[in-house]
1. At a 1.4 Å probe, what is the % contribution of carbon and sulfur to the accessible area of the chain?
2. Which of these, 101, 80, 119, has the largest mean-square fluctuation under a Gaussian network model of the chain (Cα springs below 10 Å)?
3. Which log10 I(q)/I(0) values does the range 1-136 give at q = 0.09, 0.13 Å⁻¹ under the Debye formula, counting every alpha carbon as one identical point scatterer?
4. Under a 1.4 angstrom probe, counting protein chains only, how are 103, 122, 53 ranked by accessible area, largest first?
5. At 0.36 nm per residue, and after removing the present C-alpha to C-alpha distance, how many nm does the segment from residue 18 to residue 201 gain when stretched out fully?
6. For volume of the Cα convex hull per residue in Å³, several values are listed as (i) 164; (ii) 199; (iii) 110; flag the one computed from this structure.
7. Relative contact order of the range 53-150: what whole-number percent is it, with Cα pairs under 8 angstrom and at least 6 residues apart?
8. Please build a GNM for the chain, connecting alpha carbons under 10 Å apart, and tell me which residue among 120, 29, 158 fluctuates the most.
Amino acid sequence: MNAVDQVLWVIFPYICIAVFIFGHIYRYRTDKFHWTAKSSEFIEKKQLMLGSLLFHLGIVPVIFGHIGGLAIPKSWMEAVGVNDHLYHIGAIYIGGFFGLVTLIGMFILTFRRFSLKRVRQLSSFSDLAVNSLLLFIVFMGMYATIVTNAVQPDFDYRSTISVWFRGLFFLNPNPALMAGAPLSFQLHILTGFAIFAFWPFTRLVHVWSVPLNYVGRSYILYRRHKPTN
């Protein structure tokens, strides 16, 4: 382990986590009126609807898959009957399918934002950067899942990356576990932490403003009133 590994796999993740937490607090306290995602639907709707639908349909299972692979120890999975074979079937085939859906959706959204002049003019630098970074993160995740796992089948991220990841939350990360990981996994993780640091200062904050109260809200009734003579 050298100083670079210490910076990449210990210091950098903690900086990103700190910026993610305190950045959201600062943003909400100082800029709550811009806590939203500027809509460009009135400029172009078809690509936005398709890309957004595919991205959101794919990203939720992908997030749960990451939680299962990183946060749940391998021994716990085996204790409930999920052996390596079953796990990898789920990770590669099911995870790969939803990862591909997410990638296609993110590609459509990114292509739309860069290729349509009026959408691009409406976009800020952070909008363009977020789209590009998310597209790269999803692509590297797919590359690691499909290509790296096929080329390096002996690499088990649940015994290396997952152990390092859980160590972050116990303030005991082992950077040596990440130093030997394939480059695709390293890039996927580094850019993943980078987007967390970038998150509070972009339109991504709208994720925390999902209008869940709409589900239980009473219907709004509109009545037509006839004019009186």
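1. Numbers: 10350 of 14850 Å².
The computed percentage sits at 70.
2. Looking only at 101, 80, 119, the largest GNM fluctuation is found for 80.
3. -0.43, -0.84
4. Order by accessible area, largest first: 53, 122, 103.
5. 64.5 nm
6. (ii)
7. Working: 63 pairs, mean separation 35.5, N = 98.
So the answer I get is 36 percent.
8. Result for the chain, Cα springs under 10 Å: 29 fluctuates most.
The values are calculated or read from the model by the stated rules, or taken from the named source; none is laboratory data. Keep in mind it's a predicted model, so treat the numbers as computed, not measured. Only protein heavy atoms, including side chains, enter the accessible area calculation; ligands, DNA and RNA are left aside. Shrake-Rupley method; radii C 1.70, N 1.55, O 1.52, S 1.80 Å.
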